[in-house]
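Below is one structure, written out as structure tokens; comments come after it.
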Amino acid sequence: MTTVLNDAGEHAVAATEGGLWLSASDAERVTGWALKPEGMCRDDACVPLPAAALRAGKVDVAAFWERLGNPVLHDAAGATWVLGTGAEARNDALADLVAPDFSLPDLSGVPHALSALRGRKVFLATWASW
């Protein structure tokens, strides 16, 4: 079994050795893009795939993900893959200048969510020991 991590979560899939070759159904479950004759499609958008990215009914998901301009990482054994979010998508998410919600504990261990402070000015100071 191979583990694929992305923004949607953690997915256990059966991948072929030598890359991230997934069945069409696994590729759709992991990426949200469906294999069609015109390429990988989601809603009205389709991305053509080169012939080398299709083999015996399997899709080279790593090559497809990189074609979208997104980063792909894996461990040395190829047992864990990460499909990252590309710079364009991250920039689009920052366009509204609203920070993503997160929760951190105070010194007493009580968690505080950033969303609880919406509408107020917030100064967030971070520190690292290194």
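What is the residue count in region 72-103 for residues that are within 14 Å of Asn6 (Cα to Cα) and touching a Pro at 6+ places or on another chain (Cβ under 9 Å)? Final tally of qualifying residues: 5. Select from region 22-40 the residues that are closer than 17 Å to Leu5 by Cα and among the hydrophobic types (A, V, I, L, M, F, W, C) and list them in ascending order. Of everything in region 22-40, those that are closer than 17 Å to Leu5 by Cα and among the hydrophobic types (A, V, I, L, M, F, W, C) turn out to be Leu22, Ala27, Val30, Trp33. Scanning region 21-72 for residues that are more than 24 Å from Gly9 (Cα to Cα), among the small types (Gly, Ala, Ser) and in contact (Cβ under 8 Å) with a residue 24 or more places away in the chain returns a single hit, Gly57.
Taking the conditions exactly as written (modelled with pLDDT of 85 or more, of a type in the set (Gly, Ala, Ser) and part of a loop (DSSP other than H, G, I, E, B)), does Ser129 satisfy them or not? Taking the combined requirement at face value, the residue satisfies it.
Could you please let me know if Val47 is modelled with pLDDT of 90 or more, touching a helix residue (DSSP H, G or I) at 6+ places or on another chain (Cβ under 8 Å), more than 21 Å from Thr2 (Cα to Cα) and not polar (S, T, N, Q)? Considered against the rule, which asks whether it is modelled with pLDDT of 90 or more, touching a helix residue (DSSP H, G or I) at 6+ places or on another chain (Cβ under 8 Å), more than 21 Å from Thr2 (Cα to Cα) and not polar (S, T, N, Q), Val47 comes out as yes. Among the residues making up region 105-124, those that are among the aliphatic types (A, V, I, L, M) and either on the phi > 0 side of the Ramachandran plot or loosely packed, with under 11 Cβ neighbours inside 10 Å (or both) are Leu107, Val110, Ala116, Val122, Leu124.
Of the strands (runs of 3 or more DSSP E) lying entirely inside region 1-73, not one carries at least 2 residues that are basic (Lys, Arg). Among the conditions (1) farther than 22 Å from Val30 by Cβ; (2) assigned to a strand (DSSP E or B), Arg120 misses just one, which is (2).
The values are calculated or read from the model by the stated rules, or taken from the named source; none is laboratory data. Treat the numbers as computed from the prediction; the structure is a model and nothing was measured. In this analysis, Cβ positions are derived from the backbone assuming ideal geometry, glycine residues included, and neighbour counts consider all displayed protein chains.
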